[in-house]
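> Before I ask anything, here is the structure I am working with.
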Amino acid sequence: MTRFAPGTVLNNRYRLEAELGRGGTGTVFRAHDPDLDREVAVKILTHLELGMDGRARLQKEAQAIAKLNHPNIVAVYDVGELDDVPFIVMEYVEGLDLHRRPPKDATQIVDVARQVSLALQHAHESGVIHRDLKPENVLVQSDGTAKLVDFGIARSVASRMTTEGQISGTVFYLAPELALGQDYDGRADLYALGVMLYEFSVGSLPFDQGDPLAVVSQHINATPISPRALNPDVSPRLEALILQLLSKEQGQRPPSAAAVIEALDDPDLLDPAATTDPEMAVLDRIARGRFVGRQKELKQARAIWMQTMAGAGQTLLISGEPGIGKSSLTRELATQAEISGGRALIGECYAEGGAPYSPFSQILRQVLPKESDNGASLPEFVLADLMSLTPELRPYFSDLPEVPPLDPESEQRRLFESMVTLFTSLSEQSPLILVIEDAHWADSGSLSMLRYLARRTKGQPVMLVATYREVELDESRPLQEMLVELNRERLASRLKLSRFGKDETRELLSAIFQDEITPDFLDGIYSETEGNPFFIEEICKSLVEEGKLYFEDGGWHCPDMVDLDLPQSVRVAIQSRLAKLPDEVLDGLRMAAVLGHEFDFDILVAASNLDEEALIDALEAAERAQLVKEISRERGGTFRFAHAVIATTLLEGLSGLRRRRMHHQVAAAIENLRPDDYEALAHHYYESGDVEGGLKYSLRAGDRALGLSAHSEARRHFNRALEIASVEGRTDELAIIHLAIGDIESTGDFNLALESYEQALALTQDPIQQSIIKVKIGRLHAATGNEQGVPLLQEAVETLDPDTHGNELALAIASIGRFHHNRGQHRLAIEQLEKAREIADPLNDVETLIYVYLFLAGAYQHLADFRHSNEWARRQIELGSEAKYAFMEAMGYEYLAENHAFMGRWEAALEHAERDEEIGQQNGLSDRVRWAKMVKLWALHGMGQPELAIEEGSLSLEQAETYGDRRLAVLDGAQLARAYADCDDFDTARKHAELSTERAHELDQAYMIGTAQDGLAYVQGLQGEWQQALTSREVTVKAHEGSDNRLIPMVNGPGLAEALLETGQVEEAAKTARDVLDLARESKSPIQEARTLRVLGRIHAHLEEFDAAEKAYADAVKFCEEWGGQLLAGRVMLDWSLLQAAQESKQRAAATLEASLKIFEAAGAKFWVDRARAAIDQLTLQEESRDG
């Protein structure tokens, strides 16, 4: 590579003569241009790592800059490359830059600023943005002429990030939009000009604390200290201009360089007597928004973000007491994520509640309008789904189709998956960080969604962050449950924020006052606050406002600590500060506090007794007092209290009567301006004591929550409505409320749902509505096989008209079918279910059809008619897939998996179970995952892999016990008992078998009893306890007396026949085996046929019917080899070898035994390995005895 030094000639033209200086992007030389015989400056961009595209872009920008012709801009003459290193040839200027020769006084400051502004005006009007304006890039000639240099070669912040997360190059003049990689225009240069004016006027930069990344964060988050607080000689109007230039939002800065020139030309700009509105507040002297004291925690959080950027997203939980700094940490983390090229989306939760999924609705509002052209490349049905959370955004997406309605649970899953699709799409553009603030106030739907996202986005460039107060956990059961789930599944890391120690307290105080902190002051503050950051800040503000802390002679002063009289709690500190405000300001703030932690100005105006101008004055005073902050300019402005404790403290000073009146004023204002905000209307009318409004909007809010499957919120609203309606004796509303509560509880608390439905029925007069409620009650009873529901269902069938209430009628008939199914009358069940299907098919209601298909598949399965069961399972899969009803699609695969397992078609069973599990994992359906693992246990065991089977089954059982899934626990226990027994672990096998049996009898369901007893009998038989095994088998037979179930007799039959044989009941054993064999053949179940043939072989051998025994064993082995039933094949061979040995076919017997041993050893089935080896040893002894 060429070494650039004096004497080097570039492009056969420019001879480098002397080095003038070095900077972040390269080295500047004085050079001579012989073609034009003039001195030039050449900048060699040695530090810019530019590829081909970058060099082309630089060439294009240089061409644009070269067209600039202004006395305050250094002219660009040429651009070129040498050995792929770009260089720029510029006008040579004699003089020093502003960094080395800053202006001496205010007049010079304004003069230089005006010249720079003129240069910027010309550049901006020519379409050129500087992007790296700083004192080093302004050269001042001896006559005072300022010239701007280095246009267009600035690098983005993200490109300057090192692998350690630090930033190279200067960041002191960086506009927030440039730091965040957002769209920018000439106002980014005006921000940098504002930093320069601040620096020249005050003698220090507005933001310079910490490393470069911390400085960038301060540009984005921190408020600069008032220039006059640091230099009282700065004129009010110059200060106002500087602060306007330093506005975080581009729209709040001067609109153009021309506007800045106009302000600089103001004849009163430097007049110390010229006033501005508002005047400087006393709190403007202290620093705000600096991040201090949490560097360790930030480092841990950043490490997770760096993993997220690499595609390994995680969830971070941040906990701590109120005021401990959770929001500050998440804000800093989000800022640094955005600086590094990520995107931060933040949703907040509030104590007064809100609509279901409120924090996610806030996030959608941040995203969707900006993506209105393409919806973040989302499918239409996904966007349509998301509109349910943000209906006000519908105008942006007017052509979207309506989403098909499903049952609430399925709609919730679909909504969750749509949210995953959105975030996945966004994360493909840039890594995401999603923050949910104050999750202890979150609704259950939001917490469920957060948990779902934690599962589904793991392994994607998406980081989830949730903050919460530990002290609120007792009041938030949904949050407790979410934390347990995330911890159990190892999906989250946790940061617990503790109070500051003395060192961190000193650091915070130093940042606030930008001054040294005396030991006495530190001790006093730390002793009173115990290191709570918010309390520290509030005490400091209180002391400053009271004048006990004052700024004088360039520093902060206070009396002795004993004379300070520090507030003894954060509330006392806030009360002290509030007491200094004028009454009108307090009145406005109290009304705002009634509105909530966050409030809209237009609602406040409509609700308040103050006029608009007075409210504006009140909010401006509150902002100066740092009690509230404007966060949005929509709807006249949205404001937020600096901390929730401030709003709480304001409300504590109100009497009950006054508070109720204010709630009513707020409710009336919201009803007029936001009539669809049912949740807020319900809250405020209820708090005001307005019965009509409270009842009306509680019902509407409950319906909306129920429609979104936000059950906890629906329950809260309906219980509030129930309270009002009960007191007022509103019969019609009571019936509606009880019905709604029944719907909520029907998926959880059976008894409460039943009680609610029965109360609704008792209060309802309309016969049709009564019938609909009877169907709901009947469905609950049918689920458990309780005959009490049948009369109600039959009454509904007689009343409901198929033309007007076809779906309800179909559900009633199908529920009667389900009752018969659960009672073991499967043919009756099919008869009723087919009737229901004939009504439901033309109506094409997904919920009704899936309900019918589900139990048709189940009824045919229990008749061992696997062909028809599979047909209905496949129709269920098809319907579930079309309707995006993942749960039902997965259920179809479960039926296919079970049916193939019953038939012994293990590979197909495993394939379907894995698909069931995959759908469950993709959609957060934990029940599907654990049920799929049960079938995998079954299939793997059948395939001769008991150890793998035990691994899957143990996970399934653990989850079944965690979730209280008793039916699954029975099935898992029975299968695990068999697998452990085959591995010769009889202690564990018997424990599982006995616990499974106990659970099955508690459920009192024949199928469960049969399955559990089968597992227990298997263990007993292997241990030689044949009489006990026979008793267990007979319990199964008795449990199915009167049932037409063919599945359990087929599964139980071979074991029953073997137990009969072992207890000497040979004839009964033979009859049982022949009956089961016929049933297995009718059902086309090769595994059941092979199991039965093995036992028949033993029976024939016992009866010395050797040819029949040989044929039975041979056929059994053939079936096993064809369908992969390895363990069963080994058992058949073991029995067969005994027959061969008895027939003096010792050589055949030895070969058969060796084959069985090989199977058992490959499977790791220790019990059978030992059996086979013992048989081989016995055979060897017989041979030796005969030879001897």
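The values are calculated or read from the model by the stated rules, or taken from the named source; none is laboratory data. Everything numeric in this text was worked out from a predicted model, so none of it was measured. Cβ coordinates were reconstructed from backbone atoms using ideal geometry, including for glycine residues, and neighbour counts include every protein chain displayed.
Yes/no per residue for (1) touching a residue at least 24 places away in the same chain (Cβ under 8 Å); (2) in a helix (DSSP H, G or I); (3) under 58 Å from the mean Cα position of the chain (by Cα); (4) surrounded by fewer than 20 Cβ atoms within 10 Å (Cβ to Cβ):
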{"site": "1090", "(1), (2), (3), (4)": "yes, yes, yes, no"}
{"site": "1093", "(1), (2), (3), (4)": "yes, yes, yes, no"}
{"site": "1098", "(1), (2), (3), (4)": "yes, yes, no, no"}
{"site": "1121", "(1), (2), (3), (4)": "no, yes, yes, yes"}
{"site": "1133", "(1), (2), (3), (4)": "yes, yes, yes, no"}
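To keep it simple, each residue is scored yes or no on (1) in the same structural domain as residue 674 (by TED's automatic domain parsing); (2) in a helix (DSSP H, G or I); (3) in contact (Cβ under 8 Å) with a residue 24 or more places away in the chain; (4) over 16 Å from the mean Cα position of the chain (by Cα).
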| site | (1), (2), (3), (4) |
| --- | --- |
| 313 | no, no, yes, no |
| 317 | no, no, yes, no |
| 324 | no, no, yes, yes |
| 338 | no, yes, yes, yes |
| 341 | no, no, yes, yes |
| 353 | no, no, yes, yes |
| 381 | no, yes, yes, yes |
| 385 | no, yes, yes, yes |
| 396 | no, yes, yes, yes |
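> Here's a follow-up. Answer with yes or no whether residue 740 is in the same structural domain as residue 718 (by TED's automatic domain parsing) and either surrounded by fewer than 23 Cβ atoms within 10 Å (Cβ to Cβ) or in contact with a helix residue (DSSP H, G or I) (Cβ under 7 Å, 6 or more places away or on another chain) (or both).
When the stated conditions are applied, residue 740 passes them.
> For region 1029-1067, enumerate the residues that are under 48 Å from the mean Cα position of the chain (by Cα) and not small (Gly, Ala, Ser).
1036, 1040, 1044, 1045, 1046, 1047, 1048, 1049, 1050, 1051, 1052
> OK, next. Looking at residue 585, is it among the β-branched types (Val, Ile, Thr), crowded, with 22+ Cβ neighbours inside 10 Å and at pLDDT 90 or above?
Taking the combined requirement at face value, the residue satisfies it.
Residue by residue, here is whether (1) of a type in the set (Gly, Ala, Ser); (2) under 28 Å from residue 939 (Cβ atoms); (3) crowded, with 24+ Cβ neighbours inside 10 Å holds:
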{"residue": "1041", "(1), (2), (3)": "no, no, no"}
{"residue": "1077", "(1), (2), (3)": "no, yes, no"}
{"residue": "1086", "(1), (2), (3)": "no, yes, no"}
{"residue": "1103", "(1), (2), (3)": "no, no, no"}
{"residue": "1108", "(1), (2), (3)": "yes, no, no"}
{"residue": "1116", "(1), (2), (3)": "yes, yes, yes"}
{"residue": "1143", "(1), (2), (3)": "no, no, no"}
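> Out of the residues in region 727-752 that are over 37 Å from the mean Cα position of the chain (by Cα) and of a type outside the set (Gly, Ala, Ser), which is nearest to residue 797 (Cα to Cα)?
Going through the qualifying residues, I end up with 732.
> May I ask you to list pairs of residues, at least six apart or on different chains, whose Cβ atoms are under 6 Å apart, with the first in region 548-567 being at negative phi and the second being surrounded by 11 or more Cβ atoms within 10 Å (Cβ to Cβ) and modelled with pLDDT under 80?
548/564; 551/285
> List the strands (runs of 3 or more DSSP E) inside region 71-159, counting only whole elements, that have at least 2 residues being under 51 Å from the mean Cα position of the chain (by Cα) and within 19 Å of residue 43 (Cα to Cα).
Here the list reads 76-82, 85-91.
> Give just the number: which of (1) assigned to a helix (DSSP H, G or I); (2) out of contact with any strand residue (DSSP E or B) (no Cβ under 8 Å at 6 or more places or on another chain) does residue 440 not satisfy?
Here residue 440 meets the rest and fails (2).
> Condition first: farther than 25 Å from residue 1064 by Cα, among the acidic types (Asp, Glu) and modelled with pLDDT under 95. Can you find one or more residues in region 1082-1105 that meet it? Even if it seems obvious, please write down each step before you answer.
Filtering region 1082-1105 down to residues farther than 25 Å from residue 1064 by Cα leaves 1082-1087.
Retained after the next criterion (residues that are among the acidic types (Asp, Glu)): 1082.
Pick out the ones that are also modelled with pLDDT under 95 and you get 1082.
Within region 1082-1105 (the criterion being farther than 25 Å from residue 1064 by Cα, among the acidic types (Asp, Glu) and modelled with pLDDT under 95), the answer is yes, since at least one residue qualifies.
> Using the structure shown, decide if residue 755 is over 29 Å from the mean Cα position of the chain (by Cα), at pLDDT 90 or above, part of a helix (DSSP H, G or I) and closer than 30 Å to residue 1006 by Cα.
yes
> Under 7 Å between Cβ atoms, at least 6 apart or on separate chains: pull out the pairs that start in region 679-699 with a residue that is closer than 16 Å to residue 714 by Cα and end on any residue that is polar (S, T, N, Q).
Listed by first residue and then by second, the contacts come to 682/698; 686/698.
> Could you check region 829-863 and list, in sequence order, the residues that are touching a residue at least 60 places away in the same chain (Cβ under 8 Å), under 20 Å from residue 1043 (Cα atoms) and in a helix (DSSP H, G or I)?
Passing the criteria: 861, 862.
> Quick check, is residue 251 on the phi > 0 side of the Ramachandran plot and either in the same structural domain as residue 710 (by TED's automatic domain parsing) or outside any strand (DSSP E or B) (or both)?
In short, no.
> If a residue must be in contact with a helix residue (DSSP H, G or I) (Cβ under 7 Å, 6 or more places away or on another chain), of a type outside the set (Asp, Glu) and more than 19 Å from residue 284 (Cβ to Cβ), how many such residues does region 604-637 contain?
So the count comes out to 11.
> Just for region 89-145: of the residues that are among the hydrophobic types (A, V, I, L, M, F, W, C), under 28 Å from residue 37 (Cα atoms) and touching a Pro at 6+ places or on another chain (Cβ under 9 Å), which one is surrounded by the fewest Cβ atoms within 10 Å (Cβ to Cβ)?
140
> Restricting attention to region 278-316, which residues are crowded, with 21+ Cβ neighbours inside 10 Å and touching a Phe, Trp or Tyr at 6+ places or on another chain (Cβ under 7 Å)?
286, 293
> Output the residues belonging to region 971-997 that are in contact (Cβ under 8 Å) with a residue 12 or more places away in the chain, acidic (Asp, Glu) and part of a helix (DSSP H, G or I).
972, 982, 994
> Here is a follow-up. For region 961-981, how many residues are modelled with pLDDT under 90 and crowded, with 24+ Cβ neighbours inside 10 Å? Step through it out loud before you land on a result.
Restricting attention to region 961-981, the residues satisfying the condition of being modelled with pLDDT under 90 are 961-967.
Then keep just the ones that are crowded, with 24+ Cβ neighbours inside 10 Å; that gives none.
Total satisfying the criteria: 0.
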